[in-house]
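Any read-out appearing in this document is the output of simple, stated calculations on the displayed coordinates, not a laboratory observation. Bear in mind that the values here come from a model prediction, so they are computed numbers and not experimental data. Cβ placement follows ideal geometry from the backbone for every residue including glycine, while neighbour counts extend to all protein chains displayed.
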Amino acid sequence: MKNRTCSAPGCNSMHYCKRYCVKHYGRLRDRGSIEDRKVLTTAEKMEAATNKAGACWLWTGPVQTTGYGSVIDNKVRKYAHRVAYELANGPIPEGMRIDHICHTPLCVRPAHLRAVTIKQNAENFTGLSAHNNSGYRGVHWHAQSGKWNVQATHNGRRYSGGLYSAIEDANAAAIALRNKLHTHNELDRVA
């Protein structure tokens, strides 16, 4: 009588198709191999989905609508940059955020990530407010005076940096004011 068991090593299930049981035939059909799929560790997933070609290590895996990469860690979807930070530095302290020093949301290079407070994270902001009409952060047109007004916010309080006729002078004053008030405004400190 013909052998009706699966021909996969160590499998005693009944033959289904092409000398394999249902499980092994399904693997062969879907993946081209009857071997068990290797379960990757979180570190292996991070390594496989990271392009380390440039200064920033760019995440090439799934991306959330927020613009940040995501990875499954212990059956929970997490932001890839937070996982990269934890793999390099340990748990993120309670109440802290992970700031991209490089301002690249898909960067997962641990050297470009730091744990910061919400306030410090806001200080390293690069964008302009929706009401900005100057193209420079912290510089707004003051219609009553006919000059450019400089302002910066620190700990919920708005500070004035004065009024300027030339927009370039106003931008320089805004940068100086933020450097005086903020500790984590990396973009302003580059010069």
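Descriptive notes on the structure:
- Relative to the longest principal axis of the Cα atoms of the chain, the long axis of helix 80-89 lies at roughly 90 degrees.
- When each of the peptides 150-161, 15-26 is scored by how many other beta carbons lie within 10 Å of its residues on average, the order from highest to lowest is 15-26, 150-161.
- Solvent-free Debye scattering, log10 I(q)/I(0), computed from the Cα coordinates of region 26-85 at q = 0.13, 0.18, 0.25 Å⁻¹: -0.44, -0.71, -0.99
- A helix-only calculation puts the chain at -7500 deg cm²/dmol for mean residue ellipticity at 222 nm, using -39500 (n - 2.57) for each DSSP H run of at least four residues, averaged over all residues.
- Volume per residue of the convex hull around the Cα atoms, evaluated for region 125-189, comes out as 86 Å³.
- Over region 78-191: Rg over Rh, Cα atoms, Kirkwood Rh: 1.06
- Separation of the alpha carbons by more than 29 angstrom is noted, of Lys18/Lys75; Lys78/Lys180; Lys45/Lys119; Lys52/Lys180; Lys38/Lys78; Lys52/Lys75, for Lys18/Lys75; Lys78/Lys180; Lys45/Lys119; Lys52/Lys180.
- Contour excess over end-to-end distance, with Cα ends at Glu47 and Arg19 and 0.36 nm allotted per residue: 6.4 nm
- Calculated FRET efficiency for the pair Phe125/Val76, C-beta based, R₀ 45 Å, to 0.05: 0.95
- Using alpha-carbon coordinates, inclination of helix 167-181 to the longest axis of the chain, degrees: 70
- Region 66-120 versus region 12-26: alpha-carbon centroid distance in Å: 44
- Efficiency of FRET from Cβ geometry, Arg97 and Asn179, R₀ 25 Å, rounded to 0.05: 0.70
- Rule-of-thumb Rg ratio for region 103-155 [Cα; 2.2 N^0.38 Å; N residues]: 1.51
- q = 0.15, 0.19 Å⁻¹, the chain: log10 I(q)/I(0) [Debye, one scatterer per Cα]: -0.96, -1.17
- Over region 37-125, the fraction of Cα-Cα pairs per 5 Å bin, rounded to whole percents and listed from the shortest bin up, is 3, 15, 26, 27, 19, 8, 2, 1, 0, 0.
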